[in-house]
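The values are calculated or read from the model by the stated rules, or taken from the named source; none is laboratory data. Note that the structure is a prediction, hence the values are computed from the model and not measured. Here the Cβ positions follow ideal geometry from the backbone for every residue, glycine too, while neighbour counts run over all protein chains shown.
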Amino acid sequence: MKVSKGIGGHQSAKMKTDEWLTDPSLIKKLGEFDLDPCSPIIRPWDTAKHHYNIVDNGLRQNWYGRIWLNPPYGKQADNWLSKLAYHNNGIALIFARTETEMFFEHVWNKADSILFIKGRLYFYTPEGKRAKANGGAPSVLVAYGENNVDALEDSGIQGRHVPLNQPTLIIVGVSPSWVSVVKIAINNFGDEDMKPIYEMVERIAPDKVAKNPHWKEKVRQSIQKIRRKTIKPTYCQATLIE
């Protein structure tokens, strides 16, 4: 499959052009991005606050802030994912070719989480028209940076979210997402009295609390998610440091 253009190439056997754009409704669910380094010159909508296109050669530019990356598919994607992994703050959309060397090197070994999207995506032309055929393969969103792990978890995009390579903080056996932390707290105290839950979250995830001034709201949202999904808190071992 040849992708001749250097920007956002997506193809299936039925798609005759190389340049395809992501559904804007999907990007919106992931929150605001500071930079799209791989944007088409002419685009029907913005994908970030700032954009680099093929003329700018975004791969050689300085990347800053939170990145949205819809790279050219094929061998070129390796370089773009490598740079995003090094930048460590952004989300990429690629095909879910989980067995490839590129996936092992830059996703399995370096990403913080992935979201396998249910079904196959439909991409859009630079004129803003949806393709008649879907992308031809399953897609996955790849998160680099803890804030982007939370973005995937909170996105509401249908699929399966899988944490990867997460630091354990002082929690053994779970990833440091808000839901995972809160599940430990309600496993010990139930989900009715918020005071002991807040206290335990502060003790087992101090870094997350320090980074988010609205962390108590995240705790309440996580409890609602657990209730909606009827997830029964499972036993997780946690070591508390006095």
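Mind listing whichever residues of the range 57-77 are without any contact (Cβ under 8 Å) to a residue 24 or more places away in the chain and buried (at least 17 other Cβ atoms within 10 Å of the Cβ)?
Correct list: 58 only.
For (1) of a type outside the set (D, E, K, R); (2) closer than 18 Å to residue 149 by Cα; (3) modelled with pLDDT of 85 or more, each residue gets a yes or a no:
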| site | (1), (2), (3) |
| --- | --- |
| 214 | yes, yes, yes |
| 218 | no, yes, yes |
| 223 | yes, yes, yes |
| 233 | yes, no, no |
| 236 | yes, no, no |
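Among the residues of the range 41-56, is any part of a loop (DSSP other than H, G, I, E, B), on the phi > 0 side of the Ramachandran plot and surrounded by fewer than 21 Cβ atoms within 10 Å (Cβ to Cβ)? Break it down into steps so the answer makes sense when it comes.
First pass over the range 41-56, keeping only residues part of a loop (DSSP other than H, G, I, E, B): 41-49, 52-56.
Filter once more, keeping what is on the phi > 0 side of the Ramachandran plot: none.
Taking every residue of the range 41-56 in turn, none turns out to be part of a loop (DSSP other than H, G, I, E, B), on the phi > 0 side of the Ramachandran plot and surrounded by fewer than 21 Cβ atoms within 10 Å (Cβ to Cβ).
If I ask for residues that are modelled with pLDDT of 90 or more, under 19 Å from residue 95 (Cα atoms) and either of a type in the set (Gly, Ala, Ser) or more than 12 Å from the chain's Cα centre (by Cα) (or both), which ones from the range 20-37 would you list?
Correct list: 36, 37.
Go through the range 137-163 and count every residue that is of a type in the set (Gly, Ala, Ser), within 8 Å of the chain's Cα centre (by Cα) and modelled with pLDDT under 95. Break it down into steps so the answer makes sense when it comes.
Initial filter on the range 137-163 (of a type in the set (Gly, Ala, Ser)): 137, 139, 143, 145, 151, 155-156, 159.
Retained after the next criterion (residues that are within 8 Å of the chain's Cα centre (by Cα)): 143, 151.
Filter once more, so that each one left must be modelled with pLDDT under 95: 151.
Qualifying residue count, the range 137-163: 1.
Hey, can you tell me all the residues within the range 206-219 that are over 21 Å from the mean Cα position of the chain (by Cα) and surrounded by 15 or more Cβ atoms within 10 Å (Cβ to Cβ)?
216
Do you know which of the residues in the range 81-106 that are under 22 Å from residue 29 (Cβ atoms) and hydrophobic (A, V, I, L, M, F, W, C) is surrounded by the most Cβ atoms within 10 Å (Cβ to Cβ)? Full working, then the answer.
Kept after step one, since they are under 22 Å from residue 29 (Cβ atoms), are these residues of the range 81-106: 81, 84, 87-96.
Remaining after also requiring hydrophobic (A, V, I, L, M, F, W, C): 81, 84, 91-96.
Numbers: 81: 23, 84: 26, 91: 29, 92: 25, 93: 25, 94: 24, 95: 19, 96: 17.
Looking at residues that are under 22 Å from residue 29 (Cβ atoms) and hydrophobic (A, V, I, L, M, F, W, C), I get 91.
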